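Below you'll find the structure, written out as C-alpha cells, and then a few comments.
The values are calculated or read from the model by the stated rules, or taken from the named source; none is laboratory data. These figures come from a predicted structure and were not determined experimentally. Cβ placement follows ideal geometry from the backbone for every residue including glycine, while neighbour counts extend to all protein chains displayed. To get the accessible areas, we keep the full protein, side chains included, count just its heavy atoms, and leave off ligands, DNA and RNA. Shrake-Rupley method; radii C 1.70, N 1.55, O 1.52, S 1.80 Å.
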Amino acid sequence: MLPVVWKLVLSASSVLVAFGCWQLGKRVWHNLRSLLHALPGPKGTSWLYGNLKEVFNATSQENSALHEQWVGQYGTTLKRKGVFSSDRLFTMDTRALNHVLTHSSDYQKPPVVRYNLARIFVEGAYQCVHCSPAVSDIVSGVLFVEGTISAE
C-alpha cells in the first residue's frame, strides 16, 4: 500500500497531466477550426518557434526586406507561424488595417496583451491632463477594449 504522500503526489501529477492534455486539445482544436489555413504564407522553420527566429534574428533592414519578400511572394495578407507553429495573421492591406483599428471591440486583443498595454500606457493615456476627451477616446479605443483596463 502506498504512503499518503505518494498518493497525493500521484493525484496531483494526474491532475497536471489532464490539464496539460486539455490545454493541448484546446490549442489543436482552435488551429484546426481557424480560417487562417486558407491563407498562403511561409513555412515555419521550427515547430517550436515558427518564423519568429527569422524575424528576431534579422536586423531592422533585413527584417523589412524579409517582410517585403513575404508580401511579394504571398500577397499583402498572409499567415506566418508563431510559437508552437500556431498561425498568425500578417497584413499590409491598408483597408484591412483600417477596419481592424476602427472596430476594436470586434477584434479584441488577448488578455495578456491588454494587461501589458495597460501597464505601459494607462498613466499616459488616462492621466493626461492636456488631452482633449476626443483624443483620449481614440487612444483608449485603439489600445484597449472598454472595461478591460487594469493596471496593478
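Has region 23-40 got any residue that is without any contact (Cβ under 8 Å) to a residue 24 or more places away in the chain, assigned to a loop (DSSP other than H, G, I, E, B) and touching a strand residue (DSSP E or B) at 6+ places or on another chain (Cβ under 9 Å)?
Within region 23-40, not a single residue is without any contact (Cβ under 8 Å) to a residue 24 or more places away in the chain, assigned to a loop (DSSP other than H, G, I, E, B) and touching a strand residue (DSSP E or B) at 6+ places or on another chain (Cβ under 9 Å).
Mind checking which pairs have a first residue in region 66-86 that is more than 10 Å from residue 44 (Cα to Cα) and a second that is in a helix (DSSP H, G or I) and open to solvent by 30 Å² or more (accessible area, probe 1.4 Å), Cβ under 6 Å, 6 or more apart or different chains?
Between residues of region 66-86 that are more than 10 Å from residue 44 (Cα to Cα) and residues that are in a helix (DSSP H, G or I) and open to solvent by 30 Å² or more (accessible area, probe 1.4 Å), the close pairs are 79/36.
If you scan region 16-59, which residues turn out to be over 13 Å from residue 85 (Cβ atoms), open to solvent by less than 100 Å² (accessible area, probe 1.4 Å) and assigned by the TED database to the domain that holds residue 72?
Result: 38, 39, 40, 54, 55, 58, 59.
Quick one: would you say residue 88 is of a type in the set (D, E, K, R), modelled with pLDDT of 80 or more and in a helix (DSSP H, G or I)?
Here the answer is no, as residue 88 does not meet what is asked.
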